[in-house]
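Take a look at the structure below.
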Amino acid sequence: MNLPSRLRHLRRLLAAAPLPTLGATHSPNPTSSRPLHPTRTLPPRFRVPVLPARRLFSEHAILPTHLQEERFAAISDRIYEAVIKTEAEPSEVTEAALDALGAELTTPLVADVLHRLRYEEKLAFRFFAWASHQDGYSHEPATYNDIIDILSGTRYKSRQFGVLCGVLDHMKRHGTRSVPVDDLLAILRAYTEKHLTHMRKLAKKRRVRMRTPPETDALNVLLDAFCKCGMVKEAEAVFGRVRRKLLGNAETYSILFFGWCRARDPKKAMKVLEEMIQMKHTPESFTYIAAIDSFCSAGLVSEARELFEFMRTEGSTISSPTAKVYSIMIVALAKVDRMEECFELIADMRSCGCMPDVSTYKDLIEGMCLVGKLDAAYRVLEEMGKAGFPPDIVTYNCFLKVLCSLRKADDALELCERMIEAHCEPSVHTYNMLMVMFFEMGEAHRALDIWLEMDRRGCKRAIDTYEIMIDGLFDCGKTEEANALLDEVINRDMKLSYKKFDAIMLRLSAVGNLGAIHRLSEHMRRFYNVAMSRRFAITQKKKSIGLRRK
């Protein structure tokens, strides 16, 4: 067979059975020439639009391009916003918000939400747990890999969620939604032997007998991870499953107790505390302090008072209230205007031999001023003197700070008179707070009176005083007086802070005072390195441009 006949034979074979790797359609014209290349361009009617695909942090999943449509993005945004808005709430609130959306879950949708929550590991796990209980949806191994990557992305997260990652990996490999008790104990035991050996080594070194099995330490880490994600119910369910074979210790009950305190459920927290005492575990003073502080911060003052009374009665033989507990409780009561109870607790402290310290009185005065109880605050000042703590300038300034923030000028000046009568000389900080208050109230003449009062009282002005006065004068349009004070700063060779120097330069530029700009620049050149000043200016400009772009 000659060469042309061989070529014709080969062409017929290619036309009859095209190679599958070519990815090209067969042309009816056998004599037409076409490139035999695997990356052949599709015809226009088969062309797929190229959309930017979101690549997840894990290598095994890339969201399909057709899921980048507006409807998919809208659902993802709604789920993400629901999770973020309920960040400070218990997991039940998050679950209710997600249920209200009525979104149909798919694996790419869950992967996209997890990708957006990748820096909020606690919220990501909360969403992952909610999605696992939805009808018509089950996690695929790729989704398990994503959440494991999130929970163990850094060294800190690896310690915090180490056991949790082991549990999730077990669920992924066995394709189940729950882990049997024996398998869970095996996971806890393996984690303890690998990561928590230092606790047993320390006990052995100090010759302390550990009364709990090693798995208890890993169990506490697991429960703590659940509680910090706001999933206290799940933590309690895990403990309920393993408690027949693995008894908890005092730390186990403390973790659950703190979890219910964060969830703002005082009844269940008290139930755990009672069970803790029944199991002969000793609650520490820190347990009570943290719980009372959590309740007071959440506005649950009555519940905090109930826990405080429980500490005084049921827990008196275990851990009696300390001055710190009394201080937290007194300040919380003062902020909700329950003054009589405050003074009752102060009297109770003295009867128990637990004298209030200076910080307790200061916090109490601040709480009373915030609710407008100035007469009661003055009464506390008198109580301080009787208790052997005569009010000093720091105490008066704390009092004055609240009055100035509330812009109660007459009360602030009356307090200053009381200071002088008590032979407590006002400090520079005292005068600075008064001047700031008067400038904010638009009463520059009264701020000037305070400035002159400093001369009469012999109080030496600091650079902060000059900066406050110059800013205030510029704000009220008194440019000449501000420039005169600026010349005084230069003549006295005083060093302005660089931030204030930059702000004054902007003000001088706005009014076009080139002479003052030159004098101030030459003055500040002695205090600051020129290269560092330029770098600071460039950095501030970049920040300003970045904020405008946002």
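The values are calculated or read from the model by the stated rules, or taken from the named source; none is laboratory data. Predicted, not measured: the structure shown is a model, and the values here were computed from it. Counting neighbours? That spans all protein chains shown, and the Cβs are built from the backbone with ideal geometry, glycine included. Surface areas here come from the heavy atoms of the whole protein model, side chains and all, with no ligands, DNA or RNA. Shrake-Rupley method; radii C 1.70, N 1.55, O 1.52, S 1.80 Å.
Quick notes
- Leu246 meets all of the listed conditions (1) out of contact with any Pro (no Cβ under 7 Å at 6 or more places or on another chain); (2) surrounded by fewer than 23 Cβ atoms within 10 Å (Cβ to Cβ); (3) under 19 Å from Gln278 (Cα atoms) but one, namely (1).
- Leu434 vs. criteria in contact with a Leu (Cβ under 7 Å, 6 or more places away or on another chain) and modelled with pLDDT of 85 or more: no
- Filtered residues of segment 257-290 (kept if assigned to a helix (DSSP H, G or I), closer than 21 Å to Glu234 by Cβ and not basic (Lys, Arg)): Phe257, Phe258, Gly259, Trp260, Cys261, Pro266, Ala269, Met270, Val272, Leu273, Glu275, Met276
- Count of segment 462-511 residues which are among the acidic types (Asp, Glu), in a loop (DSSP other than H, G, I, E, B) and within 18 Å of Leu452 (Cβ to Cβ): 0
- Residue list for segment 98-122, restricted to those being outside any loop (DSSP other than H, G, I, E, B), hydrophobic (A, V, I, L, M, F, W, C) and buried (at least 19 other Cβ atoms within 10 Å of the Cβ): Leu98, Leu109, Val110, Ala111, Val113, Leu114
- Pairs, first in contact (Cβ under 8 Å) with a residue 24 or more places away in the chain in segment 266-278, second of a type in the set (Asp, Glu), C-beta under 6 Å, six or more apart: Pro266/Glu303
- Residue tally, condition free of Cβ contacts under 8 Å to residues at least 60 places away in the same chain and under 18 Å from Cys165 (Cα atoms), over segment 211-225: 8
- Extreme residue, nearest to Ser359 (Cα to Cα), among residues of segment 420-451 that are more than 38 Å from the chain's Cα centre (by Cα) and open to solvent by less than 30 Å² (accessible area, probe 1.4 Å): Cys424
- Residue check for Ala298: within 25 Å of Met329 (Cα to Cα), small (Gly, Ala, Ser) and either in contact with a Gly (Cβ under 8 Å, 6 or more places away or on another chain) or without any contact (Cβ under 8 Å) to a residue 60 or more places away in the chain (or both): yes
- Contact map, segment 491-511: residues that are more than 18 Å from Arg526 (Cβ to Cβ) paired with residues that are open to solvent by 80 Å² or more (accessible area, probe 1.4 Å) and assigned to a helix (DSSP H, G or I), Cβ distance under 9 Å, separation 6+ or inter-chain. Pairs shown: Leu508/Leu514.
- Residues that are among the hydrophobic types (A, V, I, L, M, F, W, C) and over 24 Å from Phe258 (Cβ atoms) within segment 72-96 comprise Phe72, Ala73, Ala74, Ile75, Ile79, Ala82, listed in sequence order.
- Exactly one residue out of Glu81, Glu87, Glu95 is open to solvent by 70 Å² or more (accessible area, probe 1.4 Å), assigned to a helix (DSSP H, G or I) and modelled with pLDDT of 80 or more, and it is Glu81.
- Checked against (1) surrounded by fewer than 14 Cβ atoms within 10 Å (Cβ to Cβ); (2) in a loop (DSSP other than H, G, I, E, B); (3) not basic (Lys, Arg), Glu417 meets all criteria but (2).
- In the set Phe239, Phe286, only one residue is touching a residue at least 12 places away in the same chain (Cβ under 8 Å) and of a type in the set (Phe, Trp, Tyr); that residue is Phe239.
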